[in-house]
Each structure stands twice: as structure tokens, then as C-alpha cells.
Amino acid sequence: MAMSLLVFILLFVLCFIIYKYEPRTIFLGLVMILVAIQSVVMFLIFNFNNLALIMGIILGILFLIIPVVLTIGFLSKHRKLFKCLIISLFVGIIISLLLYLNEINVIEILQLPLITWGIGYFVCGICLGILVVNSYLLSALMNLFSKEKPSVDYLIVLGAGLNKEKVTPLLAKRIDKAIQVYKEAPDLILIMSGGQGDDEMIPEGLAMANYAISQGVPKNHIIIEDQSVNTYENILFSSQHFASEDASFAIISTMYHLFRAELIAKKLGLKSVSYGAESGKKWVFNANAFIREFFAYLYMQLKWVVLFSILYTLLYSLLHYAVLMNAFPLPL
């Protein structure tokens, strides 16, 4: 009981420290999940069984339903991929029926060492993936909704594509959010960041500046950054326009994009806060966009993803071998 309470206190303190001093990390969400799980354990230890059951069910539903909703939103925007998954499922059912009709002992096949290794490896990998997705989402929400916004010198508005020479509705909402913040502190300088794509008639930064000026922002309070082609360059090139190295700034982008932008600022060694703009789109669009952002985050952390995958494969293989050798009473 004492040990469990100590673990809960340590996790809670660690969560507070991360949130207070550097919340721009996926570990914030991970520690929060561990705190919630440990809370259920504490309720069980202190015989609050009904409360533990209710909280456990809620956590379980949230833990599973979020990835399901995100996956549905993603597949609805990628119908070819959805069709491939349906075809794969259909082929799997046909193969299973053929095995059954030919009186092949499916149970014996599933008990083969290589098959049991593959099934367990896949299931554990899915569970770890769900944990990472939830940790990323929770960290993004905490950074988005629960941070105090100190005064800053600059607002970096991230580009999001054009319709010929005009900003898209999605990009307009980002600029509108920047204008809203600017009106509360008229000394701010807005940096409109975005280069010119192959299908764009003018740089995004210029179109964004034109829109802001049309909404009443003085031209001398706008800086145009028109060389960047991705979020990393957005922040890097915009920071080069700062009047001093210790200048403070806020990033403005759509909510689903904001956390990765803050992680990039952290990677560049820049302190930042952020303001999220709504997308104005349906939940399907936001779910699809979040999944894309999550995969972009994994790519940004590619070397760690590869290292973790190697370690996971080695550890799982060792555990699987130990179970087969009856070193641990865990049926796989």
C-alpha cells in the first residue's frame, strides 16, 4: 500500500514538473496516462472497488475509442486504403474457410512458434501504438488549452496553401486568430510565413499579408517570410527576422497542427507559446489531419522510432523464447 502511494505521488510530481517547465513533449501525456492508471490501482488497494471499476471503464473506453475514431476519420479520406483493408479482410476469411473445409487443424497452426511470435508481436505492437497515439493527443491538448499566454514580441502565422492568389478559408482562420491576438496587444509584429508552391501564383506569406492588411492590420506591423516550404522552415526562417535573440514569440496555426509546430520550435532551441485556430471543418477532416500530423511527428523522431522498434523486437523475442522454454508461466 505504501509503495503504491509512493509511486502515485512520484508520478504526479513528475507530471507537474514536466507541465510546469517543459510541456512540449509527448512524455507529458504518457505520464498523465500513468497517473490515471495508478489512480485506479490506488482505488482498488483502498477498497474503493466501485469507483475503481467506473474509472477503469472510462479510461478503457477513452483509451480505445480515440484511435478508432481517428482511424475512421483517416480511412474515410483515403477510400483506396479502406478498400484494400476490406479486400484483405475478405481474403483472410476465405483462407480461414478453406483451411476449415480441408480439415486442417487451425489450432495446431496457431500454436506454431513462429505464428505465436507473430500474433503476440502484432498485438503488443498495436497496444503500444495506441498508447503513443493517446499520449501524443493528450500532450497536444494540454499544450493547446491549458497554458498561460505571456506577452510576446512576435506572432508567427504558419501558411496553409492558397487558392490562386487568395488565402483559403483554413488559412484565413489562422490569420483571423492572429488578428484577434494582435488587437489585444497592438505593439505585436505579425510574421506571415509561407513560400510559393508549384501550384501557387504568389508566395503564401504575401497573400497572408494582403489579407491581414485588408482586415485593418497596419502594413508596418507585418513581416513577410516567403522562402519556407515546410513547418520547420516556417519557424526557422521566421525567427531570423527577430530584432534580438531574446525576442519572444507565439506560433499561430490550426489546432491539430500546433503541437508539432511547438515541438519543432523546441528542437530549434526556441521558447514559444501558441494559439490555436479552428479549422472550420467537420470532425472527419480534423481526424484525418491529426493522423497526418502524428505520422509527421513519427518521421521527425525517426531515429528514436527505429531504435525503439529494434529494442521492442529484441525484448519481445527474448520474452517469447523464455516462455517457450517455460522460464515464465505466460502462455503466448
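Observations, loosely collected:
- Each Cα pair of the range 246-331 feeds into the Kirkwood radius, which the Stokes-Einstein equation turns, at 10 °C and 1.306 mPa s, into a diffusion coefficient of 98 µm²/s.
- Cα centroid of the range 170-227 to Cα centroid of the range 234-312, whole Å: 19
- Order by protection proxy (mean Cβ within 10 Å, highest first), peptides 57-65, 158-166, 18-26: 158-166, 18-26, 57-65
- Take Tyr321: with every protein chain present and a 1.4 Å probe, its accessible area is about 140 Å².
- For the range 141-180, carbon and sulfur atoms together expose 50% of the accessible surface, with a 1.4 angstrom probe and every protein chain in place.
- Modelled label positions at Ile119 and Glu22, each set 7 Å beyond Cα in the direction of Cβ, lie 4.3 nm from each other.
- Ligands, DNA and RNA excluded, the heavy atoms of Met255 present near 70 Å² of accessible surface to a 1.4 Å solvent probe.
The values are calculated or read from the model by the stated rules, or taken from the named source; none is laboratory data. As the structure is a prediction and not an experimental result, all values here were calculated from the model. Every residue, glycine among them, receives a Cβ derived from its backbone with ideal geometry; neighbour counts consider all protein chains shown. SASA here: full protein model, heavy atoms, side chains in, ligands and nucleic acids out. Shrake-Rupley method; radii C 1.70, N 1.55, O 1.52, S 1.80 Å.
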